Amino acid sequence: MDSWLRLTLRVQMLGALSFLGCFALVLGVLVAPAAAADKVVLSVDSSKTGAKIDRNLFGQFAEHLGHGIYEGIWVGSDSNIPNTRGIRNDVVAALKAIRVPNVRWPGGCFADEYHWHNGIGSPRAVTLNPNWGGVIEPNSFGTHEYMDFLEQIGAEAYVSVNIGSGTPQEAAEWLEYMTAAQPTTLEKERAANGHPDPYKVAYLGIGNESWDCGGNMTPDYYIDQMKIYSRFVRNFNPAQQDKQPMLKIAVGPGGGEARWTEWTEAIMKAYQHHTWSWDINGLSMHNYTVVKWPPAFKSVGFGETEYAQILKSTLDMEDLINKHSAIMDRYDPEKKVALVVDEWGGWYAPLPGSHPGFLAQQNSLRDAILATLNLNIFARHADRVRMANIAQMINVLQAMILTDKEKMVLTPTYYVYKMYVPFQDSTFVPVTFNTGTYTHDNITLPRVDAIAGKDTRGRLWLEITNVDPNQPVEIEADLAGITAKSATGETLTAPKVDAVNDFDAPHVVMPKPVSARIQGGRLSIMVEPKSVTVLSIEP
Ligand code: AHR
């Protein structure tokens with residue numbers, strides 16, 4: 001409740017309400033929590049806008065792990081599964097529809113053992129994947145295949161370079177291989193491998209979890225390494241020199257405990273004193289919803305208690321962002337360095353019978369709600385949090401897509417990303433409200449969440465999450481700054497909190513059309529229990 005109260009306060013501040021107004025609203029939360037049947041009143045003032053909700057908040061992460069890349073994306077050009085140059089057509093079409101802005105690759109822990117030269121030309125070196133099951137890594141999906149995949153889905157590259165077991169020279173040569181336009185040996189090698197034009201690399205990750213699987217480094221050791229990589233791993237693409245320069249993302253925290261705050265503090269302190277010869281534009285943060293380690297919660301076949309526990313735990317994201325943003329604000333008050341939440345999502349027990357190193361799990365309605373709660377937190381912090389990558393895109397952890405040979409199914413989380421497309425690059429519009437509460441088994445959660453945004457064409461969008469799995473919520477929204485005539489959209493829900501889409505029943509959790517009533521500048525709608533609703537408000 002504490003963190004939610006703080007969140008409510010923040011929303012209020014963003015709304016630039018008067019102090020008295022804020023006070024009354026907070027009092028409302030404290031003394032009059034909404035009973036199950038209470039109406040929730042939202043105040044949406046589209047004349048008071050905030051930061052841009054960067055499209056990169058909807059980024060994806062694809063690691064060489066389990067069936068994330070092999071089978072999920074890559075089937076090879078001789079496969080019976082319809083593909084374009086080895087990349088599954090069904091997966092590409094599904095990802096195009098959610099407008100994936102960027103894909104972080106090749107890891108994860110895998111990145112710090114990846115040697116890029118194994119993944120170009122022919123024949124490819126066959127290596128191992130010691131992090132994830134010790135299985136064979138055929139290297140069939142390498143730089144060219146990744147870039148082809150990005151082009152097919154219309155996303156940008158976010159490449160994590162190996163600073164754990166690689167060298168600055170290896171990383172520098174990879175970037176030269178990918179981006180050089182002049183006829184160097186590496187540029188010619190790239191051209192001979194089929195791509196004469198330089199690739200664009202929009203984002204560069206300097207290591208991954210360097211405090212742990214990435215080499216167990218101390219902050220000081222990491223900072224020394226990071227400066228070297230920042231200096232020498234150059235992007236030579238002529239199109240990325242003045243405009244769209246490559247943004248460099250340093251390894252950041254993995255939690256809220258002292259060792260993580262010390263890590264953030266150390267990096268940001270170094271950044272404050274950085275000289276012309278090195279720079280960073282982002283600090284990564286990883287935060288999974290696990291509750292306890294090793295992950296034991298089931299991804300399907302659970303009840304209301306597990307639903308409430310997981311959602312309670314996922315709201316820790318708010319505290320974590322506040323904690324690390326506060327440190328960043330001290331060293332970078334102009335918010336030049338973005339907080340990049342480049343690994344997040346629900347991490348549950350492996351599916352029975354699956355390889356434990358493959359991190360295979362189902363994806364339920366609970367995960368759809370988990371996703372909206374996190375995306376809404378990111379949106380409310382859009383001034384600092386400008387990029388996020390859910391883990392992971394296909395067949396691994398909280399995935400968008402599950403595949404089984406030629407079959408493909410879209411998960412509830414996929415549909416959230418689809419419904420949120422209008423929020424990509426929209427402008428944050430403050431929504432103030434009393435969240436109400438939902439309580440189960442002594443676990444109390446905010447009952448309702450909501451965000452609003454004005455899209456690039458000036459249209460207003462409103463998202464409402466009803467966390468309560470049992471009661472519908474009557475929503476009334478005061479709409480200031482717009483003369484609304486109609487509001488239509490979609491709702492995502494299902495009969496049970498653990499409802500999933502699977503290969504036998506792929507349409508259990510699907511968005512369905514809804515419309516709201518508009519009368520006298522007020523919008524009203526009854527939102528279903530355990531649901532996500534996105535409405536477009538038409539003037
Ligand atoms: O996403 C799975 C793993 O979780 C990643 O490889 C690592 O960065 C994190 O610990």
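The values are calculated or read from the model by the stated rules, or taken from the named source; none is laboratory data. Source: prediction; values computed, not measured. Here the Cβ positions follow ideal geometry from the backbone for every residue, glycine too, while neighbour counts run over all protein chains shown.
Brief remarks follow.
- Test: SER284 is within 30 Å of GLY353 (Cα to Cα), within 16 Å of the ligand (Cβ to nearest atom), in contact with a Gly (Cβ under 8 Å, 6 or more places away or on another chain) and among the small types (Gly, Ala, Ser): no
- The residues listed here are VAL416, VAL409, VAL340, VAL396; of these, the one that is aliphatic (A, V, I, L, M) and part of a helix (DSSP H, G or I) is VAL416.
- Candidates MET217, MET226, MET178, filtered to the one that is part of a loop (DSSP other than H, G, I, E, B) and not aromatic (Phe, Trp, Tyr): MET217
- Check on LEU311, outside any helix (DSSP H, G or I), at negative phi and in contact (Cβ under 8 Å) with a residue 24 or more places away in the chain: no
- Output for region 339-365, where each listed residue is farther than 16 Å from LEU402 by Cβ and crowded, with 24+ Cβ neighbours inside 10 Å: LEU339, VAL340, VAL341, ASP342, GLU343, TRP344
- Residue check for LYS48: among the basic types (Lys, Arg) and either within 16 Å of the ligand (Cβ to nearest atom) or modelled with pLDDT of 95 or more (or both): no
- ALA157 satisfies every condition listed in (1) within 16 Å of the ligand (Cβ to nearest atom); (2) small (Gly, Ala, Ser); (3) within 14 Å of PHE61 (Cβ to Cβ) except (1).
- Residues of region 260-306 classified as among the charged types (D, E, K, R), in contact with a helix residue (DSSP H, G or I) (Cβ under 9 Å, 6 or more places away or on another chain) and not in a loop (DSSP other than H, G, I, E, B), total: 4
- Any hit, region 304-314, residues being over 16 Å from the mean Cα position of the chain (by Cα) and within 27 Å of VAL159 (Cβ to Cβ): no
- Some residue of region 423-441 being polar (S, T, N, Q), modelled with pLDDT of 95 or more, within 17 Å of the chain's Cα centre (by Cα) and at negative phi: yes
- Whenever a residue of region 346-361 is free of Cβ contacts under 8 Å to residues at least 60 places away in the same chain, its partners that are not in a loop (DSSP other than H, G, I, E, B), lying with C-beta atoms within less than 6 angstrom and at least six residues away or across chains, give the pairs GLY346/THR289; GLY346/ASP367; GLY346/LEU370; TRP347/TYR288; PRO350/PRO356.
- There is no residue in region 103-112 that is at negative phi, more than 16 Å from the ligand (Cβ to nearest atom) and aliphatic (A, V, I, L, M).
- Verdict on VAL291 being in contact with a Gly (Cβ under 6 Å, 6 or more places away or on another chain) and surrounded by 16 or more Cβ atoms within 10 Å (Cβ to Cβ): no
- Count of region 422-442 residues which are among the hydrophobic types (A, V, I, L, M, F, W, C) and closer than 22 Å to LYS530 by Cβ: 3
For (1) more than 16 Å from the chain's Cα centre (by Cα); (2) among the polar types (S, T, N, Q); (3) under 23 Å from ILE53 (Cα atoms), each residue gets a yes or a no:
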| site | (1), (2), (3) |
| --- | --- |
| TYR288 | no, no, yes |
| LYS292 | yes, no, no |
| LYS298 | yes, no, no |
| PHE302 | yes, no, no |
| HIS324 | yes, no, yes |
| ASP329 | yes, no, yes |
| LYS336 | yes, no, yes |
| VAL341 | no, no, yes |
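- Subset of region 237-249 (residues that are surrounded by fewer than 19 Cβ atoms within 10 Å (Cβ to Cβ) and either within 21 Å of ASP342 (Cβ to Cβ) or of a type outside the set (S, T, N, Q) (or both)): PRO238, ALA239, GLN240, ASP242, LYS243, GLN244, PRO245
- Look at (1) part of a helix (DSSP H, G or I); (2) buried (at least 23 other Cβ atoms within 10 Å of the Cβ) and you find that SER160 fails only one, number (1).
- Of the residues making up region 191-219, those that are away from the ligand (no atom under 16 Å from the Cβ), touching a helix residue (DSSP H, G or I) at 6+ places or on another chain (Cβ under 7 Å) and touching a residue at least 60 places away in the same chain (Cβ under 8 Å) number 1.
- Residue check for ALA94: within 16 Å of the ligand (Cβ to nearest atom) and in contact with a strand residue (DSSP E or B) (Cβ under 9 Å, 6 or more places away or on another chain): no
- Candidates GLY353, GLY357, GLY346 - the one that is in contact with an Asp or Glu (Cβ under 7 Å, 6 or more places away or on another chain), farther than 21 Å from THR49 by Cβ and not aliphatic (A, V, I, L, M): GLY346
- When VAL385, VAL416, VAL448 are screened for being over 30 Å from GLY205 (Cα atoms), among the aliphatic types (A, V, I, L, M) and touching a strand residue (DSSP E or B) at 6+ places or on another chain (Cβ under 7 Å), only VAL448 passes.
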